[in-house]
Amino acid sequence: MYDMIVIGSGPAGLTAAIYGQRAKLSVLLLEKQPIGGGQVMNTYEVDNYPGFPGISGFELSEKFMSHARGLGTEVCTAQVLGAELSGGTKRISTDKGDFEGRTVVIATGAVHRKLAVKGEAEYTGKGVSYCATCDGAFFRGKDVAVVGGGDVALEDALFLARASRKVYLIHRRDSFRGAKILQQRVAETENIEVIWDTVVEEITGTDTVESIILYHRKKEERGSLAVQGVFIAVGITPDTELFAEDTKLDEGGYIKAGEDCVTSCPGVFAAGDVRTKPLRQIVTAAADGANAVTSVERYLLEK
């Protein structure tokens, strides 16, 4: 029986583990991937986490994990299959067995949203990617498309422009949602071409991606664009399916929880990208991890 079971090892989960260890709680960290770190693992360069300008996402994740392990956190690589959260004892079922805890911190993050167009699934790994920093090196000197208009799409376009011959940034609206500084950098980068008011209807090719079919929403025109890679950055979907029965979700599927990370289920807390919040960044995820443990301690003292 653990005082706290943390599910997920992104910045939120690892910070929760660190604060839990410092609070002298017995902590179990469950992570389905052999190497933890969450979405930040796929970030080429992190320039907005205080004290670590220009650090790679992989290196920052390693620092988080080393800190947590160094304090004695028990880490188990296991796929969570089910969760019984409503009782006083929380039971988490995994492919490595069942674990019980007095509290649970859900820090499962979110997954990449799909375009759901013809050819997307067929060419995933064959030109279609959801991680520019993971796969960008394969498209050195080639023409690629980035689909999206938020921070991630703009960052992906800038990253790919370093090595790709041409980057087409395709956005369904006539303005970006991303940070102004990123918009400025995109506008100043010569080999990035923005295609406004346009959606991807189909991804085509033979063995690998060769082109995409575009539809201009205002002109009501279709056309083909030759590219060898398509990087999709149209948002994320929270990983909350296993917890929907015991916790209240918002309309986007995120767990309803405030800054204290308290959910509708007593003894269960949500931290990081998985919870309802206006800003999803590494620094806010780390803050959630700390807040969650403060709430865990309060809950345990009141029991």
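Bear in mind these aren't lab numbers, they're just calculated from the coordinates by the rules spelled out. Owing to the predicted nature of the structure, the values given are computational and were not obtained by experimental measurement. Reconstructed Cβ throughout: ideal geometry from the backbone, glycine too, with neighbour counts over all protein chains shown.
The lysine pair count for region 114-232, using Cα distances under 16 Å and pairs eight or more places apart or on different chains, is 4.
Here the Karplus curve 6.51 cos²θ - 1.76 cosθ + 1.60, taken at θ = phi - 60°, turns the phi angles of region 10-16 into couplings of x, x, 5, x, 5, 5, 4 Hz, with x standing for Gly and Pro.
What's the whole-number percent of alpha carbon pairs in the chain lying beyond 24 angstrom? Result: 55 percent of Cα pairs exceed 24 Å. Taken along its principal axes, the alpha carbon cloud of region 107-189 reaches lengths of 34, 34, 28 Å, longest axis first. Hull volume per residue, based on the alpha-carbon atoms of region 10-123 and their convex hull, is 148 Å³.
What separates the Cα centres of region 22-67 and region 176-201 is a distance of 29 Å. Based on Cα atoms of region 234-303, Rg over Rh with Rh as the Kirkwood radius reads 0.97.
Cysteines in the chain that lack a partner Cβ within the 4.7 Å cut-off: Cys76, Cys261, Cys265. Between region 237-303 and region 140-162, the alpha-carbon centres lie 31 Å apart.
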